[in-house]
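**Q** A single structure is presented below for examination.
The values are calculated or read from the model by the stated rules, or taken from the named source; none is laboratory data. Just so you know, these numbers come straight off a predicted model, no measurement behind them. All Cβ positions, glycine included, derive from the backbone under ideal geometry; neighbour counts span all protein chains shown. Accessible surface is based on the protein model in full, side chains and every heavy atom, while ligands, DNA and RNA are left aside. Shrake-Rupley method; radii C 1.70, N 1.55, O 1.52, S 1.80 Å.
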Amino acid sequence: MNTELNRVTERIIERSRASRQLYLSRMKHAGDNIPDRKQLSCGNLAHGFAACTETEKNTIKMMNAANLGIVTAYNDMLSAHHPYERFPGIIKAAAREMGCTAQVAGGTPAMCDGVTQGQPGMELSLFSRDNIAMSAGIGLSHNMFDAALYLGVCDKIVPGLVMGALRFGYLPTVFVPAGPMPSGLPNSEKARVRQEYAQGKVGRDALLQAESDSYHSAGTCTFYGTANTNQMLMEFMGLHLPGSSFVNPENSMRDALTREATQQAVRITKQNGQYTPLYDVLTEKAFVNGLVGLLSTGGSTNLTIHLIAMARAAGIILTWEDFSDLSRAVPSLAKVYPNGMADVNHFHAAGGLGYLIGELLDGGLLHDDVNTIMGQGLRNYTLEPFQEGDEIVFKPGAGKSLNEDIVRPVSNPFSPEGGLHVIKGNLGTGVIKVSAVKKEHQHIEAPAVIFESQHDLQAAFEAGDLNRDCVVVVRFQGPKANGMPELHKLTPPLGVLQDEGYKVALVTDGRMSGASGKVPAAIHLSPEASEGGPLARVQPGDMIKLNAHTGELNIQVDPAEFAARTPVLGDLSANQFGVGRELFGHMRSAVSTAEEGATVFRFEDSEVSNG
């Protein structure tokens, strides 16, 4: 095993010891009562199966047959979740084949960040994650279920579902993907049209056509943003079936995989003798495996927030230091847009996650000694599913890359280091994604240009006020200020400036889309400006140095003068109302820092730290 991997793992185990033990004791105590419905009164149970068929009622009455709870994030506006419309019927039929039952326990919200980019609704996006966790908890609170299947793909949905699932960690748990849409307009061509629109070279009709040709059917967007990073994580952490993440929704194998996921959930229930509760799957080592997957593939920066929140729901304390230290040890093995030209369908065809997991295991860069829904050992995830009739069989996957422009072996990485780095200095601590940034753009020193809205930046760009070397500071975008919206609308204008030869970078306490790429962006700066963080003391023209190689982010101003400045107070009045934002005021007040997972929840780690 890689020595740095072991060192970081042991550090996490030691740091989390007290909170993890408290979590495990609670989950094991709850697990002693499975099946939960034996605790229900006759009236409770009658309500729980009132709408079932007589056969289903008789099965649920028998405590030796599993009843599966389905938590679904289905809606038919969100393309990635549209396929889930048919999944409950498939799951119920598959459960019946094994003499068991399944019920939809509840639904959760599912926002599309693609629809809300640059819109006021984006200010609800991050908070929707914690709302999803609570919604999942409400669905499972009826104590009717022996295992749970979660239907979710996109940005905040999977992290929220994981957080909710972990509070029912005594239940066997399977996540069921829906798959990406088939490849459409290449992502590089879409990015070109977006930049030309930002420059005024093409009109709205051309832009809409390009967007429509790219996002053209049911399924996940095909770039390697947050949604597809989530899918990678679920395999690396042992919660999907092997090789199931990137099978298209209309491929006949998709429904067969859903049937197999259901029947695997039945197999790992207490009634069937292979009891595998979620708390035994999502351990410290499983989270380290997730970190390695994120770093080796150059995944979404959003997961530097979500993984911390997810881990804390399991009593495990991750820090950005863990990300940073592992990034120096984990090589970059994949080039998927925005890190390269390929999309996730091309990545899957080139060997995909099974090949990547095998390479990392053989290189001593993943923990094999973990439990998964497929049994002991992450090497189960080097297998590939094949359809034989209506059945799924698992066979050895690709032993070598089928396209080294997309995925490479450990012996020949794209880079010896991972695609995400922690960046820190006298402006705070944040993260930067370097996997899509050319080396010549990873170090910049330039004067600050300051904005408090991404829309103000767009106006300045259109007026020609940014035609110079500059470090663009967009502040008052943190979780307490306005819910920490993604600032993906900044990507086209900043990309244009870079292409025109200007040295340009972004520094913000906000987030960027998981699809953001070539412009160096120090994001998630903590402490945030609205809490008096250093960004609130930056003035126009201050020289800022950003060096992704060394992880430095510093303002080059006399320290005494900088400390003496009065922090600017942002005008946040426009962020408090409209499109439901007033409903989330309590969350803005209670949310933790980005470095702590930007969550309103206080789990076992908070109890331990407070004595």
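**Q** Going residue by residue through segment 306-328, is there one that turns out to be of a type in the set (A, V, I, L, M), open to solvent by 20 Å² or more (accessible area, probe 1.4 Å) and in contact (Cβ under 8 Å) with a residue 60 or more places away in the chain?
**A** The initial filter retains those residues of segment 306-328 that are of a type in the set (A, V, I, L, M), namely 307-311, 313-314, 316-318, 326.
Add one more test, that the residue is open to solvent by 20 Å² or more (accessible area, probe 1.4 Å), and what stays is 317.
From the residues that got through so far, the ones that are in contact (Cβ under 8 Å) with a residue 60 or more places away in the chain too are 317.
Looking through segment 306-328, at least one residue is of a type in the set (A, V, I, L, M), open to solvent by 20 Å² or more (accessible area, probe 1.4 Å) and in contact (Cβ under 8 Å) with a residue 60 or more places away in the chain.
**Q** From the list Asn412, Asn339, Asn403, which one is at pLDDT below 95, in a loop (DSSP other than H, G, I, E, B) and polar (S, T, N, Q)? Reasoning before the result, please.
**A** Values: Asn412 fails: at pLDDT below 95; Asn403 fails: at pLDDT below 95.
One residue alone meets the criteria, Asn339.
**Q** Just checking, does segment 369-390 include any residue being within 22 Å of Lys518 (Cβ to Cβ) and in contact with a Phe, Trp or Tyr (Cβ under 6 Å, 6 or more places away or on another chain)?
**A** Filtering segment 369-390 for residues within 22 Å of Lys518 (Cβ to Cβ) gives none.
For segment 369-390, residues within 22 Å of Lys518 (Cβ to Cβ) and in contact with a Phe, Trp or Tyr (Cβ under 6 Å, 6 or more places away or on another chain): absent.
**Q** For segment 1-41, what are the residues that are at pLDDT below 95 and farther than 30 Å from Leu68 by Cβ?
**A** Met1
**Q** Quick check on my filter: what residues within segment 370-395 are over 24 Å from the mean Cα position of the chain (by Cα), in a loop (DSSP other than H, G, I, E, B) and in contact (Cβ under 8 Å) with a residue 40 or more places away in the chain?
**A** If the condition is that a residue be over 24 Å from the mean Cα position of the chain (by Cα), in a loop (DSSP other than H, G, I, E, B) and in contact (Cβ under 8 Å) with a residue 40 or more places away in the chain, then Asp390 is the only one that fits.
**Q** Does Pro413 satisfy being in contact with a Leu (Cβ under 8 Å, 6 or more places away or on another chain) and open to solvent by 20 Å² or more (accessible area, probe 1.4 Å)?
**A** Working: in contact with a Leu (Cβ under 8 Å, 6 or more places away or on another chain): yes; open to solvent by 20 Å² or more (accessible area, probe 1.4 Å): yes.
Judged against the criteria, Pro413 is a match.
**Q** What number goes with the only condition from (1) under 30 Å from Ala227 (Cα atoms); (2) of a type in the set (Val, Ile, Thr); (3) buried (at least 24 other Cβ atoms within 10 Å of the Cβ) that Ile544 does not pass?
**A** (1)
**Q** Let me ask something additional. Being of a type outside the set (Ser, Thr, Tyr) and assigned to a loop (DSSP other than H, G, I, E, B) narrows it down to one of Ala446, Ala398, so name that one.
**A** On the way: Ala446 fails: assigned to a loop (DSSP other than H, G, I, E, B).
It is Ala398.
**Q** Specify the residue that is most open to solvent (accessible area, probe 1.4 Å); the eligible residues are those in segment 528-539 that are closer than 15 Å to Ala563 by Cα and in a loop (DSSP other than H, G, I, E, B).
**A** Out of the qualifying residues, it is Gln539.
**Q** Where residues in segment 564-580 are part of a helix (DSSP H, G or I) and modelled with pLDDT under 95, which of them is surrounded by the fewest Cβ atoms within 10 Å (Cβ to Cβ)? First the steps, then the outcome.
**A** From segment 564-580, those part of a helix (DSSP H, G or I) are 564, 573-575; that's our starting set.
When the remaining residues are screened for being modelled with pLDDT under 95, the result is 573-575.
On the way: Ser573: 7, Ala574: 11, Asn575: 19.
Residue satisfying both the conditions and the ranking: Ser573.
Results for (1) open to solvent by 10 Å² or more (accessible area, probe 1.4 Å); (2) over 17 Å from Gly354 (Cβ atoms); (3) aromatic (Phe, Trp, Tyr); (4) without any contact (Cβ under 8 Å) to a residue 12 or more places away in the chain, shown as yes or no for each residue.
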{"position": "Ile268", "(1), (2), (3), (4)": "no, yes, no, no"}
{"position": "Tyr275", "(1), (2), (3), (4)": "yes, yes, yes, no"}
{"position": "Tyr279", "(1), (2), (3), (4)": "yes, yes, yes, no"}
{"position": "Glu284", "(1), (2), (3), (4)": "yes, yes, no, no"}
{"position": "Phe287", "(1), (2), (3), (4)": "no, yes, yes, no"}
{"position": "Leu291", "(1), (2), (3), (4)": "no, yes, no, no"}
{"position": "Ser296", "(1), (2), (3), (4)": "no, no, no, no"}
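**Q** Give me the pairs, please: first residue somewhere in segment 537-564 and farther than 21 Å from Gly419 by Cα, second residue anywhere and surrounded by fewer than 13 Cβ atoms within 10 Å (Cβ to Cβ), beta-carbon distance under 6 Å, and either six or more positions apart or on two chains.
**A** Every condition considered, the pairs that remain are Met543/Gln556.
**Q** Continuing with the same structure: Considering only residues that are part of a strand (DSSP E or B), in contact with a Leu (Cβ under 8 Å, 6 or more places away or on another chain) and modelled with pLDDT of 90 or more, which ones fall in segment 419-443? Talk me through it step by step, then tell me what you get.
**A** So in segment 419-443, the residues part of a strand (DSSP E or B) come out as 420-425, 428-433, 443.
Adding the requirement that they be in contact with a Leu (Cβ under 8 Å, 6 or more places away or on another chain) leaves 420, 423-425, 428-433, 443.
Result: Ile423, Lys424, Gly425, Gly428, Thr429, Gly430, Val431, Ile432, His443.
**Q** Any idea which of Asp499, Asp509 is modelled with pLDDT under 95, acidic (Asp, Glu) and either closer than 21 Å to Val193 by Cβ or open to solvent by less than 10 Å² (accessible area, probe 1.4 Å) (or both)?
**A** Numbers: Asp509 fails: modelled with pLDDT under 95.
Being modelled with pLDDT under 95, acidic (Asp, Glu) and either closer than 21 Å to Val193 by Cβ or open to solvent by less than 10 Å² (accessible area, probe 1.4 Å) (or both) holds for just one of Asp499, Asp509, which is Asp499.
**Q** Here is a follow-up. With the requirement that a residue be surrounded by fewer than 24 Cβ atoms within 10 Å (Cβ to Cβ), part of a helix (DSSP H, G or I) and of a type in the set (A, V, I, L, M), what does segment 190-244 give you?
**A** Within segment 190-244, Ala191, Val193, Ala198, Ala206, Leu207, Leu208, Ala210 meet the criteria.
Yes/no matrix, rows are residues, columns are (1) in contact with a helix residue (DSSP H, G or I) (Cβ under 6 Å, 6 or more places away or on another chain); (2) assigned to a helix (DSSP H, G or I):
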position: Gly541; (1), (2): no, no
position: His549; (1), (2): no, no
position: Met587; (1), (2): yes, yes
position: Ser592; (1), (2): no, no
position: Val600; (1), (2): yes, no
